[in-house]
Amino acid sequence: MASMALKVFRPLADRVLVKRFLPETKTKGGIMLPEKSQGKVLNATVVAVGPGAKNDKGSHLPMSVKIGDKVLLPEYGGMTVKFEDNEYFLFRDTDILGKYDE
């Protein structure tokens, strides 16, 4: 499902590229929510991961997430990246608050 441009993009160091979930547009009862009341979506899926930060000896530290993980993001931060009309966000591995076990 990833676009061709996304397949050739690889984050550097300890950066993680994520795609946020779409906001809920309806309540469980079927009422349509206006855009202002939808709120910011803090859940995302990891789509690309860098090799990890380097320690003092020059070896890479392992990343805490992998491609396909569902993660919880901070409310603020991250850098917006666009590929072929899709919006992604770039975060450092240490900025990600947690991941969901499946």
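Here is how the numbers come out for the structure above:
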| read-out | value |
| --- | --- |
| Region 8-87: relative contact order as a whole-number percent, Cα under 8 Å and 6+ apart | 31 |
| Trypsin sites (Lys or Arg not before Pro) lying in DSSP loop within region 15-102, provided at most 12 other Cβ fall within 10 Å | Lys28, Lys40, Lys57, Lys66 |
| Entry for Kirkwood radius over Cα pairs in Å (calculated from the structure that is shown) out of (1) 16.5; (2) 14.9; (3) 13.5 | (2) |
| Label-reachable residues, region 39-77, where backbone N falls under 13 Å from a point 7 Å from Lys26's Cα toward its Cβ | none |
| Long-range amide H partners of Val81 with built H, under 5 Å | Tyr88, Phe89, Leu90 |
| Cα-based reach from Lys82 at 21 Å (exclusive), listing lysines while leaving out same-chain residues under 8 positions away | Lys7, Lys19, Lys40, Lys66, Lys70 |
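Every read-out reported here was derived from the displayed coordinates using simple, explicitly stated rules and does not represent laboratory data. Being a predicted model, the structure only gives us computed values, none of them experimental. With ideal geometry, Cβ positions are generated from the backbone for all residues, glycine too; neighbour counts draw on all protein chains shown.
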